[in-house]
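Report on one structure; see the data block that follows.
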Amino acid sequence: MDIAKQYIVQCINTAANNLRLSSEKIETVAIIRERLNSAENPFEELKNFKKITELSKLGIKLNEFYNFIETGKIDFLKLSDKFKEHSFNLVRELNYVLDVLTPQMMRNLFQRLDDNPIKVDLTKRNKTDENIAVSSDEEYNFPKRSRADELKEEFIFEELNKDDAFNFESYEERVLRPVKELDSFLNRVQRYDYTENEMNSFVKTINDNALLSQKVGFEVLSNMHKIFASGLGLIHQKKIAPSPNVIESLRSCLIVIVAVVRGKEVDITNYLNRAEGFGKSIISNKKER
């Protein structure tokens with residue numbers, strides 16, 4: 001059994017489970033999974049992924065995970081946490097691929113890859129190339145990079161590096177931090193026992209976490225946060241009453257958030273359906289007004 005191959009395939013499966021996929025997108029995921037499962041040399045296959053515009057970012061991420069298993073020093077006691085981090089880090093790239101490629105486009109792309117492998121044969125280069133001497137920067141009068149230039153480049157790339165350096169543990173801590181307090185807060189909301197500052201603070205926190213979840217590609221988590229924040233806002237504006245049914249619908253959003261982030265292997269379909277149903281009722285409520 002190729003452990004590294006199975007690892008990246010399972011990462012894809014777990015990442016896909018964190019997206020709300022149509023039947024067409026599920027089929028596209030299956031095509032990618034089958035392609036990697038049947039690859040005799042996964043490393044070379046991932047190199048080809050990286051050379052294809054639509055698959056390049058996905059290929060880069062998968063290659064990192066593959067190298068982690070193949071060449072890294074694995075701490076098996078922490079492997080489960082690492083797998084969770086890897087699979088969540090993959091969501092954004094997988095979501096992009098599924099947005100731009102249909103199943104048929106994916107099949108065609110892989111077929112073209114099989115018909116015309118992407119490779120560079122150095123044995124067929126022009127023999128005159130062998131006589132070309134490698135010139136130094138000084139011969140072309142290239143200026144040397146100063147320390148000021150290096151600092152300038154670091155500053156230019158700073159924000160880009162911040163965007164790419166997603167840390168799952170930090171995300172998990174930030175998203176879960178307010179949940180316990182929010183669960184207790186819901187009991188007080190039902191009695192209108194809260195201050196305006198408390199409500200505004202919680203709504204802002206949840207909306208910020210919704211934006212963060214959307215930014216990193218966690219569609220389900222972003223949606224749960226948006227529904228929860230909208231529900232609290234409407235209660236505070238007295239546009240809906242904090243009935244037991246409404247409170248339990250809001251609590252369902254929290255349950256889904258915790259279950260997905262923590263990777264709990266339990267069936268949360270009823271909670272997800274209830275939360276999404278509540279979200280639809282909120283949209284209807286706004287339209288009626």
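Derivation of every value follows stated rules applied to the coordinates shown; laboratory data play no part. Computed from a predicted structure; not experimentally measured. Every residue, glycine among them, receives a Cβ derived from its backbone with ideal geometry; neighbour counts consider all protein chains shown.
Give me the net charge of LEU98's neighbourhood, meaning all other residues with Cβ under 15 Å from the Cβ of LEU98; Lys, Arg count +1, Asp, Glu -1.
Numbers: positive: ARG20, LYS25, ARG33, ARG35, LYS57, LYS61, ARG92, ARG107; negative: GLU24, GLU27, GLU54, GLU93, ASP99, GLU219.
With Lys, Arg at +1 and Asp, Glu at -1, the net is +2.
Filter the GluC sites (Glu not before Pro) in region 8-46 to those in DSSP coil with at most 11 other Cβ atoms within 10 Å of their Cβ, and list the result. For GluC sites (Glu not before Pro) across region 8-46 that sit outside H, G, I, E and B with at most 11 neighbouring Cβ atoms in 10 Å, the list reads GLU40.
Figure the gain on full extension for ASP208 and GLN190 (residue separation times 0.36 nm, minus the Cα-Cα span) and round it to one decimal in nm. Before the final figure, lay out the partial values.
On the way: separation 18, 0.36 × 18 = 6.48 nm, distance 2.37 nm.
Computed gain between ASP208 and GLN190 is 4.1 nm.
Considering only VAL266, SER230, PRO244, and ranking their Cα positions along the charge dipole of region 174-288 that arises from unit charges at the beta-carbon of Lys, Arg, Asp and Glu, the one farthest toward the positive end is SER230.
For region 171-225, run through the trypsin sites (Lys or Arg not before Pro) and keep only the ones in DSSP coil with at most 12 other Cβ atoms within 10 Å of their Cβ. In loop regions of region 171-225 (DSSP not H, G, I, E or B), the sparsely surrounded trypsin sites (Lys or Arg not before Pro) are ARG191.
Of the chymotrypsin sites (Phe, Trp or Tyr not before Pro) found in region 1-96, those that fall in a DSSP loop while having at most 16 other beta-carbon atoms within 10 Å are PHE76.
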